[in-house]
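Here the structure is laid out as structure tokens; the discussion comes afterwards.
The values are calculated or read from the model by the stated rules, or taken from the named source; none is laboratory data. Note that the structure is a prediction, hence the values are computed from the model and not measured. Don't worry about glycine lacking a Cβ; one is built from the backbone with ideal geometry, like all the others, and counts go over all protein chains shown. For the accessible areas, the whole protein counts, side chains as well, though only heavy atoms, and no ligand, DNA or RNA atoms are used. Shrake-Rupley method; radii C 1.70, N 1.55, O 1.52, S 1.80 Å.
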Amino acid sequence: MATTQPAGTTTEPVDETSKQPQVTVYRGTVAGHTYVVRARHGVMDTWATVIIDGVFHDPRRESKPRTETVSVGSGAREAAGGEVSGEADGLAFSAEDYFMKVDYAVRRPDENGKLRIAERIRVSTAGLGGKGEVDVLGGAEGERMGGFYPTPLVPEKGSASWHREQRRIAHPARFALVSAAFTAAKYLIPLLGIGALFSGLLRPLREWVESLIRPPVE
């Protein structure tokens, strides 16, 4: 028998299907804000739900600030390790999808009530098997989140992303060699006069290599 949802509320979308990559939970605190990100690292459909300062959000559905409280699913409560609010906190989101990556811009109201991008949550896929990374970056408006430097969130222990970080820690020499080769290529290509030609074509490869050589998450 079908059930009805009370007026003014919605439920967290059902995303726990066997045909999609497993959910990986990332946690961290950046510039005084706490983040819990439940990410799916797919090759073509990377996405996430987020809990910011204890409030649940689905960036795909909140292009405008919500005006009513939403109900929160058990998966989000479990990820946060406690109570999670579905209150209307004035935040809104926009998304930019790339190959194996999605950027969620978090727009917060300023002192005049105008929405401005305050930070970005970047969810990246690293190869197959549901591995990836989540970073919080400063927004386009000012540097109150530490500029554009990414701050990585920590993947839950035992996840594919966590095991990837452990391999990175265990084999620093390997990543150092990749870093040296990549640095040499950055100087060689401009000298050959083909940098402009291949800059756009090589951008996905460059970002992938940078994800390999970045410092491990503590």
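Note on residue 177: accessible area is roughly 130 Å² with a 1.4 Å probe, heavy atoms of protein only.
In order along segment 83-98, phi translates into HN-Hα couplings of 6, 10, 8, x, 5, 8, 9, x, 7, 9, 9, 9, 10, 10, 8, 10 Hz, rounded to whole numbers, per the Karplus curve 6.51 cos²θ - 1.76 cosθ + 1.60 with θ = phi - 60° and x for Gly and Pro. Residue 131 exposes around 40 Å² of accessible area when a 1.4 Å probe is run over every protein chain in place.
Annotation: amide H-H contacts under 5 Å for residue 106 (H modelled 1.01 Å from N, sequence separation of 5 or more, or interchain): 118, 119, 120, 121.
In sequence order, segment 101-108 has phi-based couplings of 7, 9, 10, 9, 7, 9, 9, 10 Hz under the Karplus curve 6.51 cos²θ - 1.76 cosθ + 1.60, θ = phi - 60°, and Gly or Pro positions carry x. With a 1.4 Å probe rolled over the protein heavy atoms of all chains, the accessible area of 156, 165, 78, 96 falls in the order 78, 96, 156, 165, largest first.
When a 1.4 Å probe is rolled over the protein heavy atoms, the share of accessible surface on segment 66-111 that falls to carbon and sulfur comes to 45 percent.
Modelled spin labels at residue 110 and residue 78, positioned 7 Å past Cα toward Cβ, are 4.2 nm from each other.
Remark on residue 42: its backbone amide H falls under 5 Å from those of 47, a criterion applied only to residues 5 or more positions apart or on other chains, H modelled at 1.01 Å from N. Amide H contacts of residue 73: 12, each under 5 Å away and 5 or more positions distant or on a separate chain (H built 1.01 Å from N in the peptide plane; Pro and chain starts excluded).
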